Amino acid sequence: MNATSFDGGPDATGTGTPVPDAAAPAPGTDALAPGRIVLLTTSHRVAPGLLSWPAWQALRGADQVLCADGAHPQLPYLREAGITVDETAPHAQELIDACAGGRTVVVVATGEGEPRLTDGLSRLAGSGRIQMPDLELLPASYDLPGARFLDLVQVMDRIRVECPWSSQQTHEGLAKYGIEEAYELVEAIEEGDRDELREELGDVLLQVVFHARIAEEGGPEDEDDPFSIDDVVGGIVTKLIHRHPHVFGDETATTPEEVKEHWLRTKAEEKRRTSVTEGIPLGQPGLALAAKLASRVRTAGLEVELPRGEGVGYELLAIAARAEAEGVDPETALRTAARAYRDAIRATERPGEG
């Protein structure tokens, strides 16, 4: 770390890294004025150099700019803009001394937010023995909604490379986890547990990012057709815009039914399927499968008689079709009844409790 000499003393916690000599106060300024400290924070999720206008004003108007991290991603852009940045990590007292004479010192915060420095400044301010400079926290860049998604992508990249288990996973090997996480999400919704819902949504999102990371590498069968999480997100964004012409286009929709009509029409144009059964996953639970088939038939305006046969399977098929026609999800209805059955079992096992 580069540092030049500093004539000030150590702070209340010990001797710190020197900071450059403070310049003499400008003519007409109060040599005893405490000055100003600006702690400049930036988001690593925003491209370096894209700083707010108040941040650039503070940097250009500062008497001194400091940064403890010589590898800070902002430094090349600051220097390209003509900002001189001293790579040093002063203690609290040293920083206060550097502000003497009404000087302004900007500290470009590292990713940890300079806790040692801010804690030291708080202790000195609380002592009541020192005239403190004006302290300002200035966010130079902000996270946009969804910015934390970038953290997940970066973490997944590292895990895929460095974790012995994750680095060996395939789409086929992870498939069962996708099913498990989806069911756990449904259970969290049914339980009404907000904390559990948030966690399970994260687990489902992890599956998406994990599969996209694997797809990015390609493989023996798809090495010529890799895709990344950006392709996945870009695809769903394009689909959503196209299927919502009443939001992003000139069409109008004022009821949920009209929205569904737009969705089905644009979906049919996209897929150009030869059968209404195409795209229905046969691996889903039986009641859900039966209801989905009945929904496709009803939406398409087809007249298809239910197959007749002996056994409970045909009876369940008829019940599922009837439920769908009445606007009831038979899978959800059965799960609700099953949960009530579970509660009754528990009550029988523990009579007198509750």
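The values are calculated or read from the model by the stated rules, or taken from the named source; none is laboratory data. None of these values were measured; they are calculated from a predicted model. In this analysis, Cβ positions are derived from the backbone assuming ideal geometry, glycine residues included, and neighbour counts consider all displayed protein chains. With ligands, DNA and RNA removed, areas are computed over all heavy atoms of the protein, side chains included. Shrake-Rupley method; radii C 1.70, N 1.55, O 1.52, S 1.80 Å.
Some points to look at:
- Screening the candidates GLU261, GLU326, GLU303, GLU269 for the property of being charged (D, E, K, R) and farther than 29 Å from LEU240 by Cα yields one hit, GLU303.
- Flag if ILE229 is touching a residue at least 60 places away in the same chain (Cβ under 8 Å), of a type outside the set (D, E, K, R) and open to solvent by less than 60 Å² (accessible area, probe 1.4 Å): yes
- Scope the stretch 53-88; condition touching a residue at least 60 places away in the same chain (Cβ under 8 Å), of a type in the set (Gly, Ala, Ser) and touching a helix residue (DSSP H, G or I) at 6+ places or on another chain (Cβ under 9 Å); matching residues: ALA68
- Residues of the stretch 243-296 satisfying the condition of being hydroxyl-bearing (Ser, Thr, Tyr), over 24 Å from GLU326 (Cα atoms) and surrounded by 13 or more Cβ atoms within 10 Å (Cβ to Cβ): THR266
- Of all residues making up the stretch 118-128, the number that are at pLDDT 90 or above and open to solvent by 50 Å² or more (accessible area, probe 1.4 Å): 3
- Residue selected from the stretch 50-109 under the condition among the charged types (D, E, K, R) and part of a helix (DSSP H, G or I), by the criterion farthest from LEU137 (Cα to Cα): GLU80
- Residues within the stretch 32-52 that are touching a residue at least 60 places away in the same chain (Cβ under 8 Å) and either open to solvent by 40 Å² or more (accessible area, probe 1.4 Å) or under 30 Å from the mean Cα position of the chain (by Cα) (or both), tallied: 14
- Note on the stretch 175-212: residues that are in contact (Cβ under 8 Å) with a residue 40 or more places away in the chain and aromatic (Phe, Trp, Tyr) amount to 1.
- Taking every residue in the stretch 114-128 that is within 13 Å of GLU94 (Cβ to Cβ) and among the aliphatic types (A, V, I, L, M) and pairing it with any residue that is open to solvent by 50 Å² or more (accessible area, probe 1.4 Å) and modelled with pLDDT of 90 or more, at least 6 positions away or on another chain, the pairs with Cβ-Cβ distances below 8 Å are LEU121/LEU135.
- For the stretch 145-174, the set of residues classified as touching a residue at least 24 places away in the same chain (Cβ under 8 Å) and either open to solvent by 90 Å² or more (accessible area, probe 1.4 Å) or of a type outside the set (A, V, I, L, M, F, W, C) (or both) consists of ARG148, ASP151, ASP157, ARG160, SER166, GLN169, THR170, HIS171, listed by residue number.
- The set of residues in the stretch 323-335 being closer than 24 Å to LEU185 by Cα and either over 41 Å from the mean Cα position of the chain (by Cα) or open to solvent by less than 80 Å² (accessible area, probe 1.4 Å) (or both) consists of ALA323, GLU324, GLY327, VAL328, ASP329, PRO330, GLU331, THR332, ALA333, ARG335.
- Of the residues making up the stretch 110-150, those that are part of a loop (DSSP other than H, G, I, E, B) and either closer than 15 Å to VAL65 by Cα or small (Gly, Ala, Ser) (or both) are THR110, GLY111, GLY113, GLU114, GLY128, ALA140, SER141, GLY146, ALA147.
- Residues satisfying the stated conditions in the stretch 299-313, i.e. in a helix (DSSP H, G or I) and at pLDDT 90 or above: VAL312, GLY313
- Per-region count, the stretch 297-322, residues touching a Pro at 6+ places or on another chain (Cβ under 8 Å) and either under 30 Å from GLU269 (Cβ atoms) or open to solvent by 50 Å² or more (accessible area, probe 1.4 Å) (or both): 3
- Counted residues, the stretch 129-142 - those being open to solvent by less than 70 Å² (accessible area, probe 1.4 Å) and closer than 15 Å to ALA47 by Cβ: 2
- Some residue of the stretch 175-197 being surrounded by 17 or more Cβ atoms within 10 Å (Cβ to Cβ) and in a loop (DSSP other than H, G, I, E, B): no
- Extreme residue, farthest from MET132 (Cα to Cα), among residues of the stretch 89-117 that are of a type in the set (S, T, N, Q) and modelled with pLDDT of 90 or more: THR104
- Each residue in the stretch 215-266 was checked for being among the basic types (Lys, Arg) and farther than 30 Å from LEU150 by Cα, and 2 pass.
- Failed condition for ALA253, given (1) farther than 20 Å from VAL153 by Cβ; (2) at pLDDT 80 or above; (3) among the hydrophobic types (A, V, I, L, M, F, W, C); (4) part of a helix (DSSP H, G or I): (4)
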